[in-house]
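The values are calculated or read from the model by the stated rules, or taken from the named source; none is laboratory data. Note that the structure is a prediction, hence the values are computed from the model and not measured. Don't worry about glycine lacking a Cβ; one is built from the backbone with ideal geometry, like all the others, and counts go over all protein chains shown.
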Amino acid sequence: MRIAIAGSGGIGGPLGASLATAGQDVVFIARGAHLAGMRANGLRIEGDRGETLVRPVQATDDPATIGPVDLVLFCVKLWDVETAGEQIRPLMGADTAVIPLQNGIDASERLLPILGAGHVLGGVAVVTGSIVAPGVVRQSGTHHRITFGELDGQVTPRLEHIRNVCRAAGIDAVPSDNIVRARWEKFIPLVATSGLCALTRRPIGDLRDDPDIAPLFEDAMQEVVAVGQACGVRFAPDVLDPWRAFIRGVPPDWTPSMAIGLRAGQRLELPWLGGKIVELGAAHGVPTPVNRVIYAGLKPYVNGAPA
């Protein structure tokens, strides 16, 4: 399968490296120092899952030079969705599938008018990593999973083909017949963990054992569920159980990407995470007091002010 990785950082880098080392024809789209590092020394993935080196690596900052591909894993930051969507239009062939894997719940809908309904799927990644040096991505935790599906809920042959290719590369790939709900299900812990770890500037291990802070994870997740329900999402009664286990089970030094970005003085995805819950809560008359405080506390840093 010919695959393009649009955004070769903490999500796209590890997924693309797995696919490349499994023998797929993978081209990484990157820029700046990270691209230069990949071209010079290959793409190195390190962390809790071990080490992978893709060398030589196919990498470019110009999608127009790639040509049509079978699959695009779309992993750019949320503020770049529309710009990057326009840039990858030359990658579209008759049957090209684009799976947005960013944080958030609306990337697919933002891509639809740019790429067309026939190309855009929905996706969720449970992969945590960050660029720690040019050409080097460090993963936190051992989770390496994507869930993806057609926006209309059909289970199509292309979903099965993507699943088989990904699983052969060691990626836990799960086709979904309700990707909208799946996106919201991931959004539940994402909003809570990214917000609280960023606000406190601490990894999760320092928070989940603190009797004053730990209950805020539950409160923040409950607010996301309430807002999702108001938006028409039908959650299972036990929807929070696996995410409670996730928070308990990840390594104590696990830190969400937004908290890592805050420490580095980078721009934050806050408006599309906690900010989106506050916005939707207000629109639907659902109180979101915990997420509102988290959002307000982080808002001064949203454009990359030093932490």
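Some notes on this structure:
- So residue 170, is it closer than 23 Å to residue 131 by Cβ, in the same structural domain as residue 21 (by TED's automatic domain parsing) and in a loop (DSSP other than H, G, I, E, B): yes
- Among the residues of region 127-155, the one identified as β-branched (Val, Ile, Thr), more than 18 Å from residue 53 (Cα to Cα) and at pLDDT below 95 is 155.
- Helices (runs of 4 or more DSSP H) within region 209-307 that include 1 or more residues of a type in the set (Ser, Thr, Tyr), in contact with a helix residue (DSSP H, G or I) (Cβ under 8 Å, 6 or more places away or on another chain) and more than 22 Å from residue 180 (Cα to Cα): 257-263, 289-298
- Check on residue 96, surrounded by fewer than 23 Cβ atoms within 10 Å (Cβ to Cβ) and either closer than 24 Å to residue 268 by Cα or out of contact with any helix residue (DSSP H, G or I) (no Cβ under 6 Å at 6 or more places or on another chain) (or both): yes
- You will find that of 101, 91, 73, the residue that is more than 20 Å from the chain's Cα centre (by Cα), buried (at least 23 other Cβ atoms within 10 Å of the Cβ) and either closer than 22 Å to residue 151 by Cβ or among the polar types (S, T, N, Q) (or both) is 91 and no other.
- Number of the condition not met by residue 132 [criteria: (1) within 29 Å of residue 35 (Cβ to Cβ); (2) surrounded by fewer than 16 Cβ atoms within 10 Å (Cβ to Cβ); (3) in the same structural domain as residue 270 (by TED's automatic domain parsing)]: (3)
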